[in-house]
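Please read the structure below before turning to the comments.
Each value in this text was obtained by applying a stated rule to the coordinates, not by laboratory testing. Remember, it's a predicted structure, so these values are computed and weren't measured experimentally. As a convention, Cβ positions derive from the backbone with ideal geometry for all residues, glycine included, and neighbour counts pool all protein chains shown.
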Amino acid sequence: MRHLMSPLDFTPQELDRLFDLANDIEHHPERYAHACDGKILATCFYEPSTRTRLSFESAMTRLGGRIIGFSDAASSSASKGESVSDTIRIISCYADICAMRHPKEGAPMVAAEKSDIPVINAGDGGHQHPTQTLTDLLTIRSLKGRLGGFTMGLCGDLKFGRTVHSLIKALVRYEGIRFVFISPEELRVPDYITDMLRERNIPFEEVIRLETVMPRLDMLYMTRVQKERFFNEEDYVRLKDFYILNADKMALAKEDMLVLHPLPRVNEISVEVDADKRAVYFKQARYGVYVRMALILALLEIERI
């Protein structure tokens, strides 16, 4: 039995096979419409989510399975003081696989250690968000045709953004990756990330102004400044509008640059950018369903990768 706690739980070769499966699901959904008949996915979300939770539920429904679960801690026995370990033991009696989101780093790992069913980390604090990373990688591979040989700009909240941390750690396993980190001083990428890049001799630079690097980017990964990660309102208000991607900035970019965003968007990408063919964040959300379908099939051992 396998769990998914980190994108690094799969080798690059296994990821290639997982993405091949996701692409096959994309083009031949009818082949998989009953693959999970009789199977149940439990979505245990201890903090709010729209995209991730509904993406998992859409994935399981499209595979013919069913869903149980809760959408916030207040509607679970956690509000009575039940531990994650006890919750997953109970969920293991009711479901065949579990997707868990939790505000505390490491909580899904604790669940996996006590679980009798596969557990998928659907986001834990500011730590990891592996299925978003799988979504990002599938989007890049599907639209660029490769995972490697490009310059990736990451912009916005690089300190608290778990999607950013997971994506960087996944991309360093591919050849020819260069990073440009674009953020205010207060939201710079953590030292453990830059230390890891130095140890691997992976080129990166840290800048403040987005306009100065736009012409050099093959991909731009935008993130929102996350109000829920701040300890005081004043810092959030000061930084929330630090970067806004608009048509003027897009005019500086390459014709084939891709703009990704894990969503939700607040105002860091102007709606005028949505009509630009290089804006692929809504396609990215669609790829999230395909990759979660493939992941469910793989962890339930219905399909081998």
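Provide the gained length on full extension for the span Glu301 to Asp274, in nm with one decimal, where the gain is 0.36 nm per separating residue minus the Cα-Cα distance.
5.9 nm
Taking a ≥ b ≥ c as the square roots of the eigenvalues of the Cα gyration tensor of segment 153-195, is the shape rounded (a/c under 1.5), prolate (a/b larger than b/c) or oblate?
The shape class here is prolate.
Label Glu175 and Thr212 with points 7 Å out from Cα along Cα→Cβ: what is the distance between them in nm?
Spacing of the two 7 Å Cα→Cβ label points: 3.2 nm.
Restricting to the chain, what percent of DSSP beta bridges are antiparallel, rounded to 5?
In the chain, approximately 5 percent of DSSP beta bridges are antiparallel ones.
Specify which residue in the list Thr139, Ser6, Phe242 is farthest towards the positive end of the charge dipole of the chain, using unit charges on the beta carbon of Lys, Arg (+1) and Asp, Glu (-1), about the Cα centre.
Ranked along the dipole, the leading option is Thr139.
Say a site is exposed when it is one of the GluC sites (Glu not before Pro), sits in a DSSP loop, and has at most 10 other Cβ atoms within 10 Å; what is then the longest site-free stretch of the chain?
Between the exposed loop sites, the longest stretch runs 1-174.
I'd like the projected area of segment 1-141, averaged over all directions, using the convex hull of its alpha carbons. Report it in nm² with one decimal.
That works out to 8.2 nm², a quarter of the Cα hull's surface.
Could you go through segment 67-72 in sequence order and give the Karplus-derived ³J(HN,Hα) for each residue, using 6.51 cos²θ - 1.76 cosθ + 1.60 with θ = phi - 60°, rounded to whole Hz, and x for Gly and Pro?
10, 10, x, 9, 9, 7
Can you give the FRET efficiency for Tyr192 and Asp16, using 1/(1 + (r/R0)^6), R0 = 22 Å, r = Cβ-Cβ distance, to the nearest 0.05?
Computed FRET efficiency for Tyr192 and Asp16: 0.20.
Using the Kyte-Doolittle scale, find the helices of the chain whose mean hydropathy is at least 0.0 and whose Cα atoms extend 20 Å or more along the helix's long axis, counting only whole DSSP H runs.
Span-like helices here: 281-299.
For the chain, what is the convex hull (Cα atoms) projected area averaged across all directions, in square nanometres?
15.4 nm²
Label segment 244-283 by shape, choosing from rounded, prolate and oblate, from the square roots a ≥ b ≥ c of the eigenvalues of the Cα gyration tensor; if a/c is under 1.5 it is rounded, and otherwise prolate applies when a/b is larger than b/c, oblate when it is not.
It comes out oblate by the Cα gyration axes.
I want to check the label-to-label distance for His28 and Leu54. Put each point 7 Å from Cα in the C-beta direction and report it in nm to one decimal.
Inter-label distance under the simple model: 3.0 nm.
Comparing Ser83, Ser49, Ser58, which has the greatest mean-square fluctuation in the GNM of the chain with Cα pairs linked when under 10 Å apart?
Ser83
Given points 7 Å out from each Cα along the Cα-Cβ axis, report the Arg200 to Val266 separation in nanometres with one decimal.
Between Arg200 and Val266, the simple spin-label model gives 2.9 nm.
Okay, helix-only estimate at 222 nm for the chain: each DSSP H run of n ≥ 4 adds -39500 (n - 2.57), divide by all residues, round to 500 deg cm²/dmol; what do you get?
Helices in the chain give a 222 nm mean residue ellipticity of -11000 deg cm²/dmol.
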